[in-house]
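To start, the structure under review is shown below, and the notes come after it.
Every read-out reported here was derived from the displayed coordinates using simple, explicitly stated rules and does not represent laboratory data. Predicted, not measured: the structure shown is a model, and the values here were computed from it. Cβ atoms come from the backbone with ideal geometry, glycine included; neighbour counts cover every protein chain shown.
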Amino acid sequence: MMLSNSFGLQANAKNFISINSLDDLSKIENLHDKKLLILGAGTNVILDDYFDGTVIKVQLTEIEIHEDCISVGGGVDWAELIEYCLTNQLYGIENLTHIPGSVGAAPVQNIGAYGVEISSFIESVECFNLSTRKVEKLNNDQCKFSYRHSIFKLKNYIILKVNFIFNKSFDPNLSYPALSDFLKDNSIDASSITPRMLSESVKDIRNSKLPDPKLQPNVGSIFKNPIVRTNHFDHTFLDGHRWDQDGEYTKFSSARLIELIESDLIIPDTLRFYENHSLVLINNGGASFNEVINLLNQIKSKILKEFNIELEIEPEIISV
Ligand SMILES: Cc1cc2nc3c(=O)[nH]c(=O)nc-3n(C[C@H](O)[C@H](O)[C@H](O)COP(=O)(O)OP(=O)(O)OC[C@H]3O[C@@H](n4cnc5c(N)ncnc54)[C@H](O)[C@@H]3O)c2cc1C
């Protein structure tokens, strides 16, 4: 079974199970395979050529309204939920417009952009617990959300549905510098902005910075921005590319670090960094898993040697 992924890597799996209704969970209840991969739209994974196990894909696509709560199937496309909210006067996630992927994957890394994280709108998550083999509902606290993290990273749950509570009135979050600058530059009045205008603005900013995976296969940011303890560290060379955090910590721009060593890298013809954003690696066509991993390891070791900074790969590497 070929596995679809936004990086355009050729990948197959031994076994594939699609969850189209809750009845399909019986296929997992009796499954003995220990090697499992839950796959959404494949926009945040780097897949090896062959997954020697079972791939599970949630394809529940209903959107249901229960009083204040909107229950959304894990297989719904994220863009469809954004549009649903814009059409139905449900507010709060406009800043998360144009993040690729499925609703079922959104809680996993607590997707976030332009000062908003999805955890602020999640009431609960309905999931299949792979240890107990039962369906459970985890409330927001139980999901243990933090920056790009949640309990779902432990891989013990298949997310079936996400229950959201959105705002009933529009109180836009325009504080993120790239967003407020864009509004100013385009003479969009912050006091009279509509949800649709905000969503379109975020889309425009993203389109100007990030390549469309359908046209230029990629997985978004290839490394996380490292947060480093900087009390004994001369980081003036990164001025303008770092953001002070609480205490002695500073977040550095991985894009800038890559730019500083890029001329020393041996990059295969099948790969390149995006012209407008050096944190985005593009598959020119025919790139292999090994080529990607070798390049990422090359970058990590050069940055460690040169600056004593350890980079962490952002998408999940799936290799069995
Ligand atoms: C161009 C681009 C821009 C991006 N921008 C952002 C951004 O601004 N902010 C951001 O946070 N992310 C961003 N991402 C990352 C990505 O869009 C998100 O992580 C998204 O939620 C992944 O969704 P997916 O369905 O493709 O998940 P996949 O890539 O298929 O899976 C991602 C992880 O979630 C797990 N998973 C998937 N579905 C389920 C499920 N139903 N139950 C349990 N686990 C599951 C997988 O096992 C895997 O660990 C970007 C990616 C790209 C390509």
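Key figures
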quantity	calculated
Strands (runs of 3 or more DSSP E) lying entirely in the range 60-137 (those with 3 or more residues that are within 15 Å of the ligand (Cβ to nearest atom))	69-73, 122-129
Selection status of Gly53, touching a residue at least 60 places away in the same chain (Cβ under 8 Å), farther than 23 Å from Ala178 by Cα and more than 21 Å from the chain's Cα centre (by Cα)	yes
Residues satisfying the stated conditions in the range 138-157, i.e. within 17 Å of Ser120 (Cβ to Cβ) and aromatic (Phe, Trp, Tyr)	Phe145, Tyr147, Phe152
Filter pass, Tyr147 being away from the ligand (no atom under 11 Å from the Cβ) and either within 19 Å of the chain's Cα centre (by Cα) or surrounded by 13 or more Cβ atoms within 10 Å (Cβ to Cβ) (or both)	no
Some residue of the range 122-134 being polar (S, T, N, Q) and within 12 Å of Val162 (Cβ to Cβ)	yes
Which numbered condition Leu36 fails, given (1) in contact (Cβ under 8 Å) with a residue 60 or more places away in the chain; (2) closer than 24 Å to Gln109 by Cα; (3) more than 12 Å from the ligand (Cβ to nearest atom)	(3)
Looking only at the range 302-315, and only at residues there that are closer than 21 Å to Gly220 by Cα and surrounded by fewer than 16 Cβ atoms within 10 Å (Cβ to Cβ), the one that is nearest to the ligand (Cβ to nearest atom)	Glu312
Any chance Asp204 is surrounded by fewer than 17 Cβ atoms within 10 Å (Cβ to Cβ) and in a helix (DSSP H, G or I)	yes
Cβ pairs under 6 Å, 6+ apart, first in the range 292-311 and under 18 Å from Asp49 (Cβ atoms), second surrounded by fewer than 19 Cβ atoms within 10 Å (Cβ to Cβ) and of a type in the set (Val, Ile, Thr)	Leu296/Ile313
Ile151 vs. criteria among the β-branched types (Val, Ile, Thr) and in contact with a Pro (Cβ under 8 Å, 6 or more places away or on another chain)	no
Among the residues listed as Lys27, Lys34, Lys57, Lys14, the single one being assigned to a strand (DSSP E or B), charged (D, E, K, R), farther than 21 Å from Ser288 by Cβ and touching a strand residue (DSSP E or B) at 6+ places or on another chain (Cβ under 8 Å)	Lys57
Residue that is surrounded by the fewest Cβ atoms within 10 Å (Cβ to Cβ), among those in the range 150-195 that are within 16 Å of the ligand (Cβ to nearest atom) and more than 30 Å from Ser18 (Cα to Cα)	Pro177
Test: residue in the range 225-238 that is on the phi > 0 side of the Ramachandran plot and in contact (Cβ under 8 Å) with a residue 24 or more places away in the chain	no
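Residues are listed down the side, and each one gets a yes or a no for (1) among the hydrophobic types (A, V, I, L, M, F, W, C); (2) in contact with a helix residue (DSSP H, G or I) (Cβ under 9 Å, 6 or more places away or on another chain); (3) under 30 Å from Ile293 (Cα atoms); (4) touching a residue at least 24 places away in the same chain (Cβ under 8 Å):
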| position | (1), (2), (3), (4) |
| --- | --- |
| Leu174 | yes, yes, no, yes |
| Leu183 | yes, yes, no, no |
| Thr194 | no, no, no, yes |
| Leu215 | yes, no, yes, no |
